[in-house]
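The values are calculated or read from the model by the stated rules, or taken from the named source; none is laboratory data. Keep in mind that what you see is a predicted model, and the values were worked out from it rather than measured. Cβ sites come from the backbone with ideal geometry, for glycine too, and all protein chains shown count toward neighbours.
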């Protein structure tokens, strides 16, 4: 959220979707009552360190970290919040004073705090637990808006891949948060706390819902529950009418995430990049994570339209059927997060396959510029479209390189080409003894290695291997051949030196 947006919220004051809390040193129960009521109504902005009249008091800076921890821990405690939630407090400064804030999304389930149900009306949170009529109205409103909540009373644990996926889920959750409550929970308790097993308060039907089937289901069960579900991954660089490579992904969402990520890694490069903390970060994976999680999570599963990830020569395009809140182009300045499937989205956040709601858009804009030099395009409509520009290091070279296979040996597969190309290059294709990089002596894979070295002289063999989808041993063999044939030279020691591409 920009400071301009924050200042506007402060000027406009509290309302049905905005709540101010004084809490400057610790959190009280009313904070979580508001979170519950926002989730049960339209969602909204929660601001801490602000008086009821909009005057900024400021959160005590020495208490900020403990407030953040308490906020996350309470929302993830099934004894306090049902179902559990994954939200985090962000920081902002107004006139030198610290404000903590969170955008609370609307939930597809009835959200309870301390076993009570709260709803939002004007600028207040009201306990409606004892009102059968109001609770029924709330349940009808939610069940009619979110298809992920459809209950399948005859689905059993046999229809889900719990033995295969639950150990993976626990490990992913604990890796993201070492003290995650799922670490010691039985399988069924995790499913219930995540909102995947529920009872319809209107009909009395009880069982696994569509979200549980989409996350854990066997393929045949998924096809019965959501007949149109599929994610079509395509590579279109040479054959534009059909495709150069294709993978149809119709498994559960947990496994589908890995398969879609692997397809993108297979057909795109990953340039070397250091973040602000001087750590080597895979910008390609950061971008792919946001694209894939959006394709899988924020889609309308009742639609027969397949989702698609299409890798083209200069961009990746993601498309999925959606429920549009505000059609048009999105950017971090005008974006208000609206979860299409809050249960599934919350589950992906817990296991680290997605970030907190709203941060995905910020991450796309943060990493797309250093990755390709251009911003992404996000277009919301009945079909949500994401367009990610690709780096200029040619995708068609990567395609050609991939077609060679990992078993390609430079000396055996290009020996005649190397000798004839180098010899003729000495006569016709060189200047002052420098080999022409456009000669036939360099196959497409090694051309990509040269371009990576040219872009980053300090790149390592391991980083090159990750970028082009080869193993490190193969890359080291290719580098040796390039050195031997005069395309590159090493300046300085193995550690701390750099590459020079000779042109």
Original post:
Looking at residue 346, is it at pLDDT below 85, on the phi < 0 side of the Ramachandran plot and part of a helix (DSSP H, G or I)?
Top reply: no
Original post:
Checking residue 183 against (1) touching a helix residue (DSSP H, G or I) at 6+ places or on another chain (Cβ under 8 Å); (2) surrounded by 16 or more Cβ atoms within 10 Å (Cβ to Cβ), which test does it fail?
Top reply: (2)
Original post:
in a loop (DSSP other than H, G, I, E, B) and over 22 Å from the mean Cα position of the chain (by Cα): does that describe residue 163?
Top reply: no
**OP:** Report, by residue number, each residue of region 461-501 that is assigned to a loop (DSSP other than H, G, I, E, B) and in contact (Cβ under 8 Å) with a residue 24 or more places away in the chain.
**Re:** 469, 470, 471, 485, 486, 487
Original post:
Looking at 313, 266, 340, which one is at pLDDT 75 or above, part of a helix (DSSP H, G or I), touching a helix residue (DSSP H, G or I) at 6+ places or on another chain (Cβ under 9 Å) and at negative phi?
Top reply: 266
Original post:
Just checking, how many residues over region 126-140 are within 32 Å of the chain's Cα centre (by Cα) and surrounded by 14 or more Cβ atoms within 10 Å (Cβ to Cβ)?
Top reply: 2
Original post:
Quick one: how many residues across region 167-180 are touching a residue at least 40 places away in the same chain (Cβ under 8 Å), surrounded by 13 or more Cβ atoms within 10 Å (Cβ to Cβ) and part of a helix (DSSP H, G or I)?
Top reply: 5
**OP:** Confirm whether residue 427 is at pLDDT below 80 and under 14 Å from residue 269 (Cβ atoms).
**Re:** no
Original post:
Of the residues that make up region 289-302, is at least one more than 18 Å from the chain's Cα centre (by Cα) and either assigned to a loop (DSSP other than H, G, I, E, B) or under 25 Å from residue 463 (Cα atoms) (or both)?
Top reply: yes
**OP:** Can you run down the residue pairs with Cβ atoms below 6 Å, 6 or more apart or on separate chains, where the first is in region 313-338 and over 15 Å from residue 382 (Cβ atoms) and the partner is at pLDDT below 70 and surrounded by 15 or more Cβ atoms within 10 Å (Cβ to Cβ)?
**Re:** 313/395; 337/357; 337/358
**OP:** Kindly state which helices (runs of 4 or more DSSP H) lie completely within region 1-113 and contain at least 2 residues that are in the same structural domain as residue 135 (by TED's automatic domain parsing) and closer than 22 Å to residue 198 by Cα.
**Re:** 29-40, 64-75
Original post:
Is there a residue in region 133-148 that is touching a helix residue (DSSP H, G or I) at 6+ places or on another chain (Cβ under 9 Å), modelled with pLDDT of 85 or more and over 22 Å from residue 31 (Cα atoms)?
Top reply: yes
Original post:
With respect to the numbered conditions (1) buried (at least 18 other Cβ atoms within 10 Å of the Cβ); (2) outside the structural domain of residue 6 (by TED's automatic domain parsing); (3) without any contact (Cβ under 8 Å) to a residue 60 or more places away in the chain, which one is the sole condition not fulfilled by residue 158?
Top reply: (1)
